[in-house]
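The values are calculated or read from the model by the stated rules, or taken from the named source; none is laboratory data. Note that the structure is predicted; figures quoted are calculated from it, not measured. Neighbour counts are summed over all protein chains in view; Cβ atoms, including those assigned to glycine, are modelled from backbone coordinates with ideal geometry. Keep in mind that these areas ignore ligands, DNA and RNA; they rest on the heavy atoms of the full protein, side chains included. Shrake-Rupley method; radii C 1.70, N 1.55, O 1.52, S 1.80 Å.
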Amino acid sequence: DARVTQTPRHKVTEMGQEVTMRCQPILGHNTVFWYRQTMMQGLELLAYFRNRAPLDDSGMPKDRFSAEMPDATLATLKIQPSEPRDSAVYFCASGLSVMGTDTQYFGPGTRLTVL
Amino acid sequence: RKEVEQDPGPFNVPEGATVAFNCTYSNSASQSFFWYRQDCRKEPKLLMSVYSSGNEDGRFTAQLNRASQYISLLIRDSKLSDSATYLCVVIDRNTDKLIFGTGTRLQVFP
């Protein structure tokens with residue numbers, strides 16, 4: 001049963017610290033997405049990749065967030081420096097994009113708390 | 001105004017009831033539509049795609065009205081296990097991005 005995995009599952013850190021979240025997409029999937037979910041805003045798309053190339057990161061605060069895919073089995077989302085308003089659940093999702101349709105499979109999320 | 005809007009609920013219904021959710025979208029370039037389900041403190045999971053002609057999967061029926069730009073989800077014979085948040089999702093034809101609604105919470109009680 002193929003799944004998207006994310007680490008860590010929970011992270012508590014202090015303001016100003018660097019946070020790195022990792023995602024292993026489902027093998028064979030060619031798209032990877034990073035979302036942030038809060039009670040107020042719901043699910044927000046931060047960035048996404050197709051065939052490891054970044055396609056859109058317009059939803060991401062550029063000054064502190066960065067997303068990369070060093071290889072097909074790993075996607076990372078980094079926040080430096082972190083702020084309390086970054087507290088949220090960060091989901092990674094992967095999918096197989098064919099003809100413009102894209103069913104996404106979500107990982108379990110990283111629950112981030114910035115104090 | 002959000003691109004995809006849903007009534008946040010909660011919808012509190014007894015077991016066995018029929019319940020319907022609507023979702024409206026503002027971008028006419030939207031080309032594909034889905035319903036996802038999210039349990040408390042879990043990740044969203046695909047419930048069903050929504051096709052132009054409408055489609056059914058067991059107790060769940062999804063419909064699309066392109067002219068009025070809304071989609072709906074009907075759940076018949078509600079079960080306790082249907083309690084969750086239901087997220088409406090559209091794909092923008094121009095960007096291939098999935099746009100999520102904020103979800104409608106359903107609580108089924110005995």
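Using Stokes-Einstein with the Kirkwood hydrodynamic radius over Cα pairs, what translational diffusion coefficient do you get for chain A at 20 °C and a viscosity of 1.002 mPa s, in µm²/s rounded to a whole number?
For these conditions, the coefficient is 152 µm²/s.
Would you list, by chain and number, the aspartates and glutamates whose Cα falls below 20 Å from the Cα of B:Lys45, excluding same-chain residues fewer than 8 positions away?
A:Asp1, A:Glu44, A:Asp102, B:Glu5, B:Asp7, B:Glu56, B:Asp57, B:Asp82, B:Asp92, B:Asp96
Of A:Met21, A:Met69, which has the most accessible area with a 1.4 Å probe, and how do the rest follow in descending order?
The most accessible residue leads, giving A:Met69, A:Met21.
About its Cα centre, what dipole magnitude does segment B:47-110 give when the only charges are +1 on Lys and Arg Cβ and -1 on Asp and Glu Cβ, stated in debye to the nearest 20?
Result for segment B:47-110 is approximately 100 debye, rounded to the nearest 20.
With every protein chain present, what accessible area does A:Glu18 have (1.4 Å probe, heavy atoms only), rounded to the nearest 10 Å²?
100
What's the carbon and sulfur percent of chain B's accessible surface, probe 1.4 angstrom, rounded to a whole number?
Carbon with sulfur: 46 percent of the solvent-accessible area.
Where Rh denotes the Kirkwood radius from the mean inverse Cα pair distance, what is Rg over Rh for segment B:9-59?
Working: Rg = 13.3 Å, Rh = 13.5 Å.
The Rg/Rh ratio comes out at 0.98.
Could you list the square roots of 5 times each eigenvalue of the Cα gyration tensor of the protein assembly as shown, that is, the equivalent ellipsoid semi-axes, sorted largest first and rounded to whole Å? Please report the intermediate quantities before stating the final value.
Numbers: eigenvalues 179, 83, 51 Å².
Three semi-axes, in Å: 30, 20, 16.
Where only protein heavy atoms count, and the probe is 1.4 Å, what is the accessible area per residue for segment A:1-100 in Å²?
In whole numbers, segment A:1-100 has 53 Å² accessible per residue.
Run the 1.4 Å probe and let me know the accessible area of A:Ser82, rounded to the nearest 10 Å².
0
Please compare each pair in A:Lys78/B:Lys97; B:Lys2/B:Lys79; A:Lys11/B:Lys97; A:Lys78/B:Lys42 to a cut-off of 26 Å on the Cα-Cα distance and tell me which ones are over it.
B:Lys2/B:Lys79; A:Lys11/B:Lys97
HN-Hα J couplings of segment A:81-88 from phi, Karplus 6.51/-1.76/1.60, θ = phi - 60°, integer Hz, Gly and Pro as x?
x, 7, 10, x, 5, 7, 4, 4
About the Cα centre of chain B, what is the dipole size in debye to 20, counting +1 per Lys and Arg Cβ and -1 per Asp and Glu Cβ, all else neutral?
With only Lys, Arg, Asp and Glu charged at Cβ, the dipole is about 140 debye.
Isolated Cys in chain B by the 4.7 Å beta carbon test?
So far as the 4.7 Å Cβ criterion goes, B:Cys40 stand without a partner in chain B.
Under a 1.4 Å probe, what is the accessible area of segment B:1-81 per residue, stated in Å²?
Details: 4350 Å² over 81 residues.
Value for segment B:1-81: 54 Å² per residue.
Quick one: dipole size for chain A, taken about the Cα centre, charges +1 on Lys/Arg Cβ and -1 on Asp/Glu Cβ, in debye to the nearest 20.
Magnitude of the dipole: close to 180 debye.
Residue by residue, what Karplus-based ³J(HN,Hα) values in Hz, rounded to whole numbers, does segment B:84-100 have, using 6.51, -1.76 and 1.60 with θ = phi - 60° and x for Gly and Pro?
Per-residue couplings from phi come out as 4, 9, 10, 9, 8, 9, 10, 10, 7, 4, 7, 10, 6, 8, 7, 10, 9 Hz.
Under a point spin-label approximation (7 Å from Cα along Cα-to-Cβ), what is the A:Thr5-A:Leu115 distance to one decimal in nm?
2.9
Above 24 Å lies some portion of the pair distances; for chain B, what is it as a whole percent of all C-alpha pairs?
Of all Cα-Cα distances in chain B, 19 percent exceed 24 Å.
Can you check what the net charge comes to around B:Ser30, using other residues whose Cβ is under 10 Å from the Cβ of B:Ser30 (Lys, Arg +1; Asp, Glu -1)?
In short, 0.
Can you work out the FRET efficiency for the pair A:Asp63 and B:Ala20, with r the C-beta to C-beta distance and R0 = 45 Å, to the nearest 0.05?
Rounded to the nearest 0.05, the efficiency is 0.55.
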